[in-house]
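Heads up: the structure comes next, in structure tokens.
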Amino acid sequence: MKIVTLSLRRIFNNRCHHIMLIVCYCWMGCDHDPKSRFTVVATTGFIGDAARNIVQDHAEVITLMGAGVDPHAYKATQRDVKYLLSADIIFYNGFHLEGKMADILHKLSKKKPVYAAGEAVAPAQQLVDPDFSIGIDPHIWFDVCLWKQVVRHMSNQLQAADPQAAAHYRKNTDRYLHELDELHQETLRAIQQIAHTQRVLITAHDAFGYFGRAYGMEVRGLQGISTVSECGLKDVTDLVKFIIQRNVKAIFLETSVPERPLQAVVEGCKKRGHQVAVGGYLYSDALGQAGTPEGSYCGMFRFNVQTIVNALK
Ligand SMILES: [Zn+2]
């Protein structure tokens, strides 16, 4: 308070009225306290983007994992803990995607609303992988129809937690679900451009199982469902054999996974006389940079589909 009084006195003495007006405006009118708004905290970019589409400017959305971040290996930072503690509601993916955040999310769930996106996916729709410790494939964002269920689920939880804004959330959700419908149809049409025999999607890790099921592509990853388990020499040789056998034209790197192991596959094919191209980078477990088209769920999805179609058609 002493500092404020001194500053004001100096301002008065200097007759800097315009500066005084700015100071007073910020003191009285600016809203810099995040707790003065309903605050949603999301773990991944996909979940943060869904939340932002639902709440628009009626609430604050904080996303913990940025572009290029691997959620399988991610540990909460001190800054994240601060955000999580001050959140009104928390959304995470679940199915063990945020494997290293399980403890903190569990503890917080006893104090405030904490929801997994995966709760929206019925058991019959879940992809089960016997090689993955927890059993269920967590990459549910790659089937737009499943993602619509997630958006609906999140919207319901947000409406219950922030009833004053519920009507806005409902309206925004309806509009966004319509946008997702268009994205789904567009993807189905785009994949038709690839010959049936070439509908094979090979990536650094097994992130595209739901994509393959929804859009009719056979999917193979060099690493398993989680990037935490490493691939060995046998995985590389097996994949090389598969690529040659199926005459696969291109394979894909991922923005959140190191590219070296997949480059070994390209070299392995070359040694055996088969040229396989790198079709480009796909966004698998993280969105692109904020402010770019790929920084949104729909933009990321369109980019991936276009990259896949361009390399395999
Ligand atoms: Zn993954």
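The values are calculated or read from the model by the stated rules, or taken from the named source; none is laboratory data. Predicted model, so just to flag it, every value in this text is computed and none were measured. FYI the Cβ positions are ideal-geometry reconstructions off the backbone, even for glycines, and counts take in every protein chain you see.
Worth pointing out:
- Thr203 meets each of the listed conditions (1) at pLDDT 95 or above; (2) over 18 Å from the mean Cα position of the chain (by Cα); (3) polar (S, T, N, Q) apart from (2).
- When residues of region 194-234 are limited to those that are in a strand (DSSP E or B) and among the aliphatic types (A, V, I, L, M), the one surrounded by the fewest Cβ atoms within 10 Å (Cβ to Cβ): Val219
- Each residue in region 274-289 was checked for being more than 15 Å from the ligand (Cβ to nearest atom), part of a loop (DSSP other than H, G, I, E, B) and among the small types (Gly, Ala, Ser), and 1 of them qualify.
- Test: residue in region 147-170 that is buried (at least 22 other Cβ atoms within 10 Å of the Cβ) and farther than 25 Å from Glu60 by Cα: no
- Test: residue in region 111-122 that is modelled with pLDDT under 95, within 18 Å of the chain's Cα centre (by Cα) and either under 19 Å from Ala290 (Cα atoms) or not in a helix (DSSP H, G or I) (or both): no
- Count of residues meeting criterion [assigned to a loop (DSSP other than H, G, I, E, B) and within 16 Å of the ligand (Cβ to nearest atom)] in region 235-256: 2
- Within region 29-68, tally of residues that are within 23 Å of Ser284 (Cβ to Cβ), outside any helix (DSSP H, G or I) and modelled with pLDDT of 95 or more: 11
- Any hit, region 199-208, residues being under 30 Å from Ala264 (Cβ atoms), of a type in the set (D, E, K, R), out of contact with any Leu (no Cβ under 7 Å at 6 or more places or on another chain) and assigned by TED's automatic domain parsing to the domain that holds Ser284: yes
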